[in-house]
Amino acid sequence: GPSQYTPDLLATLAKYGIKATFFVIGSQAILYPDILLAIHQAGHQIGSHTWSHSDMTTLSHDQIVAELVTTAMAIKQITGVTPKFWRPPYGYVNREMLAVASSLGLTSIKWLRDTGDFNLQSGTTTTDAVLSNVQSWVTAGQRNAISLQHDMYAASESIAGPVVQILMNAGVNVVRMDQCVQSDAYGGPLDKFVSAMFH
């Protein structure tokens, strides 16, 4: 995201008093700038998910830089902040990509648990299967994990409330990524570069 379904997700998170981290795609951010700003103003953390959601392991050094810097510029222009966290599309990583991100001061974040919600829109999974998946984590005692959800499709947004209920019923404390890893959410070397671009 962000997408047309993000406001519904924001309402669900507000209902439960949860602050989350949204890893946003730059090309989506410029399509929905008001929604991106609403995410930030609601106290959620913004992270980068690249400009085009391409498999970064197939890109050249310069293309990787462009994906990350262009996204940071869009986020900065809309929200006034430059993210220090990013999530590689598809979770695919290689040394070159990680080195480039690190040189820009970005912390790479990968999920530990995938809810599978993305497959709801294609019909390759069901709501019950996604909720059962989440329940299995907490039943197995896997309470400290970075989980993956999406806000691009109505089906994904519609299960956010039930997922949160499962986590809260199990006593799981849902936090933003910066709280999870105890690091600043914004700033760093990339912010200095991006800020200079706007002056």
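The values are calculated or read from the model by the stated rules, or taken from the named source; none is laboratory data. Here the structure is a predicted model, which means the values were calculated and not measured. Glycine gets a Cβ as well: all are built from the backbone with ideal geometry, and neighbour counts include every protein chain shown.
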For segment 2-19, enumerate the residues that are buried (at least 23 other Cβ atoms within 10 Å of the Cβ) and closer than 20 Å to Leu167 by Cβ.
-> Leu9
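Quick grid of which residues meet (1) small (Gly, Ala, Ser); (2) surrounded by 13 or more Cβ atoms within 10 Å (Cβ to Cβ); (3) in contact (Cβ under 8 Å) with a residue 40 or more places away in the chain:
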{"residue": "Gly116", "(1), (2), (3)": "yes, yes, no"}
{"residue": "Asn119", "(1), (2), (3)": "no, yes, no"}
{"residue": "Ser122", "(1), (2), (3)": "yes, no, no"}
{"residue": "Ser136", "(1), (2), (3)": "yes, no, no"}
{"residue": "Thr139", "(1), (2), (3)": "no, no, no"}
Of these, Ile46, Ile39, Ile35, which one is modelled with pLDDT of 95 or more, out of contact with any helix residue (DSSP H, G or I) (no Cβ under 6 Å at 6 or more places or on another chain) and crowded, with 22+ Cβ neighbours inside 10 Å?
-> Ile39
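Quick one: in segment 84-135, which of the residues that are charged (D, E, K, R) and outside any loop (DSSP other than H, G, I, E, B) is farthest from Trp51 (Cα to Cα)?
Here the answer is Asp128.
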Tally time: how many residues in segment 98-114 are touching a residue at least 24 places away in the same chain (Cβ under 8 Å) and touching a strand residue (DSSP E or B) at 6+ places or on another chain (Cβ under 8 Å)?
-> 8
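Yes or no, residue by residue, for (1) over 26 Å from Leu98 (Cβ atoms); (2) of a type outside the set (Asp, Glu); (3) touching a strand residue (DSSP E or B) at 6+ places or on another chain (Cβ under 6 Å):
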| site | (1), (2), (3) |
| --- | --- |
| Gly17 | yes, yes, no |
| Thr21 | no, yes, yes |
| Ile25 | no, yes, no |
| Ala29 | no, yes, no |
| Leu37 | yes, yes, no |
| Ser48 | no, yes, yes |
Limited to segment 52-83, what total is found for residues that are assigned to a helix (DSSP H, G or I), within 17 Å of the chain's Cα centre (by Cα) and within 21 Å of Leu112 (Cβ to Cβ)?
-> 1
Taking segment 136-155 and keeping only residues that are outside any loop (DSSP other than H, G, I, E, B) and farther than 22 Å from Pro2 by Cα, one is left with Ser136, Trp137, Val138, Thr139
Which of the residues that make up segment 87-106 are under 13 Å from Gln63 (Cα atoms) and within 14 Å of the chain's Cα centre (by Cα)?
-> none
Take the residues of segment 170-186 that are in contact (Cβ under 8 Å) with a residue 12 or more places away in the chain and over 17 Å from the mean Cα position of the chain (by Cα): which is surrounded by the most Cβ atoms within 10 Å (Cβ to Cβ)?
-> Val172
